[in-house]
Amino acid sequence: MKKALIVCSLALLSFIPASAQFSWGIRGGLNLVNNDITAVTKESAQSKDSYTGFFFGPMAEVQIPIIGIGVDAAALYSQKGVELPDTTTMKNQSLSIPLSLKYSLGLGNFAAVYFAAGPQLDFRIGDLNAKFKDGNDVKDFALEKSTWSINVGAGVKLINHIQAGINYNIPVSKEGAIKLAEDSNPSPAAIAANPPADFKSSTLQFSLTWTF
């Protein structure tokens, strides 16, 4: 899967001709996360299905004149997370690198609408593990060091400098796993009742970009 997404990223870059127009800027916004967790009780993290975080960082856009097709890339510090059963909040911090094929439809010089889609690679930074109490059990919440996902979004461009957009980030690889903590010496019955479970989270993003 990773190889396929790398090929997809290179294919997006191949759309750039020598006459393309280049711009760069700053992007920031909110992450609204939907956590897909099945290894905890319904009274705890499984019912905490949204967590508001944020992202910000530099971006660059290359657009082909006249036809409105371009490539948008960014390097973003992104934070999201989940509230665990014992009120522990696990922050999921990462360097996110989205790369999107972008189609813009102009409404004169003042405004345009755009549609974008493409892969994203996330590299985890900060703590990757947390322990929490789930009933009588102690569990480990462990994040993967890197993950892949797909972005699909749309937005508007205003006065050639402002972009406001909404984006849906769909996980491809697992984001982490939840399992019984080995150092808590779980009983065989507890191990049988609590097999390791993968963890994923899709994210609805609202972004604001200023280009130069």
- Distance check, please: which entries in K91/K133; K102/K145; K80/K131; K102/K200 exceed 24 angstrom between their Cα atoms? K102/K145; K102/K200
- Item | Total formal charge among the other residues, if their Cβ is under 14 angstrom from that of Q93, Lys/Arg +1 and Asp/Glu -1 | 0
- Query: Using the per-residue mean of other Cβ atoms lying within 10 Å as a proxy for protection, in what order, highest first, do the peptides 69-82, 180-193 fall?
  - Reply: 69-82, 180-193
- Note on the structure: The long-range amide H neighbours of V138, using H built 1.01 Å from N in the peptide plane and a cut-off of under 5 Å, are A181
- Task: Would you mind working out the magnitude of the charge dipole of segment 62-212 relative to its Cα centre, with +1 at each Lys and Arg C-beta and -1 at each Asp and Glu C-beta, to the nearest 20 Debye?
- Result: 460 debye
- Longest to shortest principal axis, alpha-carbon extents of segment 73-140, angstrom: 62, 19, 16
- Query: Using θ = phi - 60° and the Karplus form 6.51 cos²θ - 1.76 cosθ + 1.60, what ³J(HN,Hα) does each residue of segment 90-102 get, whole Hz, x for Gly and Pro?
  - Reply: 9, 8, 9, 9, 7, 9, 9, 10, x, 9, 10, 7, 10
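Bear in mind that the values in this text are calculations on the coordinates, not laboratory data. Keep in mind that this is a model prediction, so the values were computed, not measured. No Cβ is skipped: glycine too gets one built from the backbone with ideal geometry, and neighbour counts run over all protein chains shown.
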